[in-house]
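Take a look at the structure set out below.
Laboratory data are not the source of any read-out in this text; all were calculated from the coordinates shown. Only a predicted model underlies this, so the values are computations on that prediction, with no experimental measurement involved. With ideal geometry, Cβ positions are generated from the backbone for all residues, glycine too; neighbour counts draw on all protein chains shown.
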Amino acid sequence: MIHACYFTKALNLRALTARRLLSFGLDHPNKCCVSSIRMESSSNCNLRASSSESRGALIVLEGLDRSGKTSQSSRLLSYLEGLGHSTELWRFPDRSTSVGQMISAYLSNKSHLDDRTIHLLFSANRWEKRSLMETQLKNGTTLVVDRYSYSGVAFSSAKGLDIEWCKAPEVGLLAPDIVLYLDIPPEKAAERGGYGGERYEQLEFQKKVAKCYQALCDSSWKVIDACQPIEDIEKQLQDAVLDHVMACERGRPLSYLWSR
Ligand SMILES: Nc1ncnc2c1ncn2[C@@H]1O[C@H](COP(=O)(O)OP(=O)(O)OP(=O)(O)O)[C@@H](O)[C@H]1O
Ligand SMILES: Cc1cn([C@H]2C[C@H](O)[C@@H](COP(=O)(O)O)O2)c(=O)[nH]c1=O
């Protein structure tokens with residue numbers, strides 16, 4: 001339960017910051033306006049000048065194994081499509097590529113790899129999709145992504161790898177507009193169906209992963225209690241994403257992981 005309290009506090013601070021920024025007429029907590037040039041800054045993206053072209057939103061779902069990401073990703077997809085937004089569902093690892101197949105063999109304990117090697121493969125699996133991701137966003141398609149760089153860093157740093165080393169290969173990937181973190185006590189996740197099938201689905205390891213996720217929480221995160229009924233979570237995710245989808249349609253610039 002420690003992590004739930006941590007995230008609640010972080011959430012309240014973020015809401016306060018957002019309200020303060022809104023009182024200055026700004027529509028995103030990572031944004032500040034300087035004359036006619038828009039500058040973007042946050043703890044997860046680099047400061048940059050930008051233009052105002054309409055685009056899709058990059059929405060990422062994160063959380064422990066069995067926290068409900070896949071169930072909620074497909075519900076969010078249906079919701080956004082129902083509103084008429086061009087939307088695609090993506091997930092990492094993408095097991096369809098040759099890199100993804102190496103990852104899949106590792107996760108299902110069919111192969112064994114050095115911790116740094118598998119970390120870099122997970123990252124490469126995102127890099128091989130980066131260009132298509134940017135194309136789709138610029139085409140106006142919103143992407144709902146089931147796991148992203150935060151999984152990469154949380155799971156590898158939970159093994160004891162240095163967090164900055166883990167972040168380094170992610171630098172330059174597209175930064176999400178919002179990260180929806182499904183917050184569940186590891187013990188509760190372990191009670192859910194299908195737990196234990198893959199390499200990382202072990203309670204003690206997931207407890208470490210939960211702590212590592214905490215270190216990554218920043219102003220782009222919305223933390224949701226994943227122990228609620230599926231429909232309640234679904235509604236909260238819908239409420240959380242709409243402003244971001246609209247802001248991206250109005251031309252919020254793309255930004256990049258990871259300034260620190
Ligand atoms: N809010 C919820 N309450 C109870 N059970 C849930 C809830 N959300 C999902 N589940 C169930 O938990 C299990 C895991 O859900 P799901 O596959 O969506 O999680 P996941 O985070 O994508 O898992 P993984 O990371 O292991 O792929 C499924 O059996 C699903 O039906
Ligand atoms: C993207 C990514 C994932 N992982 C871990 C997290 C999970 O234990 C598995 C993927 O399982 P899923 O059911 O397909 O979500 O892999 C990781 O360690 N590093 C990553 O970058």
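From least to most packed, judged by other beta carbons within 10 angstrom and beginning with the fewest, Lys167, Lys110, Lys222 follow the order Lys110, Lys222, Lys167. Pull out a ≥ b ≥ c, the square roots of the eigenvalues of the alpha-carbon gyration tensor of region 58-251, then state rounded if a/c is under 1.5, prolate if not and a/b is larger than b/c, and oblate in the remaining case. The shape class here is oblate. Taking each of Lys167/Lys208; Lys159/Lys207; Lys129/Lys211; Lys129/Lys159; Lys129/Lys235 in turn, the alpha-carbon distance tops 19 angstrom for Lys129/Lys211; Lys129/Lys159; Lys129/Lys235.
As a proxy for reagent exposure, ranking Lys129, Lys138 by other Cβ atoms within 10 Å from fewest up yields Lys138, Lys129. The residues Arg126, Arg199, when put in order of fewest to most other Cβ atoms within 10 Å, stand as Arg199, Arg126.
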